[in-house]
Amino acid sequence: NAGVTQTPKFQVLKTGQSMTLQCAQDMNHNSMYWYRQDPGMGLRLIYYSASEGTTDKGEVPNGYNVSRLNKREFSLRLESAAPSQTSVYFCASMKGNQPQHFGDGTRLSIL
Amino acid sequence: GENVEQHPSTLSVQEGDSAVIKCTYSDSASNYFPWYKQELGKGPQLIIDIRSNVGEKKDQRIAVTLNKTAKHFSLHITETQPEDSAVYFCAASRDTGRRALTFGSGTRLQVQP
């Protein structure tokens, strides 16, 4: 089992470009999450999906959209990238009251 | 919403010594408190967690204590080893609703050989 897989691992964008970050889990988890991690700070929730077909905003949703394509996949889209969105993005998944499992992140730089 | 504060931000210990990291939380409804270890270039990995119905949990060299009244919880690592060097995050959440984690700002632990 691969767990939570994120692609790409690294990406550099220019301001105004769009991009979709991909996340897939093979653990049959119901809930999936997107967090961002900035230097000196903990992870902050962007969006989450409690189950297939549902999505909700987290703490810092502005500038992002998400799609829960199916039970396995949860994508994060930046429609018009801004330098403030330079960050490391982590996807996580969870089932019931079990712990959240994280991917290894996408490191995104916006120039 | 929930707010989690974590101290210290950096911690350097000698190999074999103990390390303690402390967190406080603000939401009295939080009832799940995991600790994650993050190594360079990797995602957070769960090392131990505790729920509000217990005060302490231990797993080999790692233990977590929880004081619900004071709203604080701590990670204790005994007999530290160089491979314990990493960034550690505490977090808090509820067992209902979205169950999203609110993280502390992290502690960089360095174990000197």
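Observations on the structure shown:
- Residues being among the β-branched types (Val, Ile, Thr), crowded, with 22+ Cβ neighbours inside 10 Å and over 17 Å from B:Ser93 (Cα atoms) - total across the stretch A:20-49: 0
The rows are residues; the columns are (1) in a loop (DSSP other than H, G, I, E, B); (2) in contact with a His (Cβ under 8 Å, 6 or more places away or on another chain); (3) in contact (Cβ under 8 Å) with a residue 40 or more places away in the chain.
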{"site": "A:Val12", "(1), (2), (3)": "no, no, yes"}
{"site": "A:Gly16", "(1), (2), (3)": "yes, no, yes"}
{"site": "A:Leu21", "(1), (2), (3)": "no, no, yes"}
{"site": "A:Ala24", "(1), (2), (3)": "no, no, yes"}
{"site": "A:Met27", "(1), (2), (3)": "yes, yes, yes"}
{"site": "A:Met32", "(1), (2), (3)": "no, no, yes"}
{"site": "A:Tyr35", "(1), (2), (3)": "no, no, yes"}
{"site": "A:Leu45", "(1), (2), (3)": "no, no, no"}
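- Residue pairs meeting the criteria (Cβ under 6 Å; at least 6 apart or on separate chains; first facing chain A (nearest Cβ under 7 Å) and within 28 Å of B:Ala19 (Cβ to Cβ), in the stretch B:95-108; second assigned to a strand (DSSP E or B) and of a type in the set (Ser, Thr, Tyr)): B:Ala100/A:Tyr48; B:Leu101/B:Ser93
- Residue match in the stretch B:90-101 (condition: modelled with pLDDT of 95 or more, surrounded by 19 or more Cβ atoms within 10 Å (Cβ to Cβ) and farther than 18 Å from B:Gly1 by Cα): no
- Note on the stretch B:50-62: among residues that are of a type in the set (D, E, K, R) and assigned to a strand (DSSP E or B), the one that is nearest to B:Gly104 (Cα to Cα) is B:Arg51.
- Index of the failed condition, B:Thr69 passing every other in (1) farther than 18 Å from A:Leu45 by Cβ; (2) open to solvent by less than 50 Å² (accessible area, probe 1.4 Å): (2)
- Scanning the stretch B:7-27 for residues that are within 14 Å of B:Asp84 (Cβ to Cβ), open to solvent by 50 Å² or more (accessible area, probe 1.4 Å) and under 11 Å from the mean Cα position of the chain (by Cα) yields a total of 1.
- Matching option when the condition is modelled with pLDDT of 95 or more and open to solvent by 40 Å² or more (accessible area, probe 1.4 Å), among A:Gln17, A:Gln85, A:Gln6, A:Gln98: A:Gln17
- Within the stretch B:63-84, being closer than 23 Å to B:Asp95 by Cα, part of a strand (DSSP E or B) and of a type in the set (A, V, I, L, M, F, W, C) holds for B:Ala63, B:Val64, B:Leu66, B:Phe73, B:Leu75.
- The stretch B:28-49, residues that are assigned to a loop (DSSP other than H, G, I, E, B), more than 7 Å from chain A (Cβ to nearest Cβ) and either open to solvent by less than 10 Å² (accessible area, probe 1.4 Å) or among the β-branched types (Val, Ile, Thr) (or both): B:Ser30
The values are calculated or read from the model by the stated rules, or taken from the named source; none is laboratory data. Here the structure is a predicted model, which is why all the values come from computation and not from measurement. Don't worry about glycine lacking a Cβ; one is built from the backbone with ideal geometry, like all the others, and counts go over all protein chains shown. Protein only, heavy atoms only, side chains kept; ligands, DNA and RNA dropped before computing areas. Shrake-Rupley method; radii C 1.70, N 1.55, O 1.52, S 1.80 Å.
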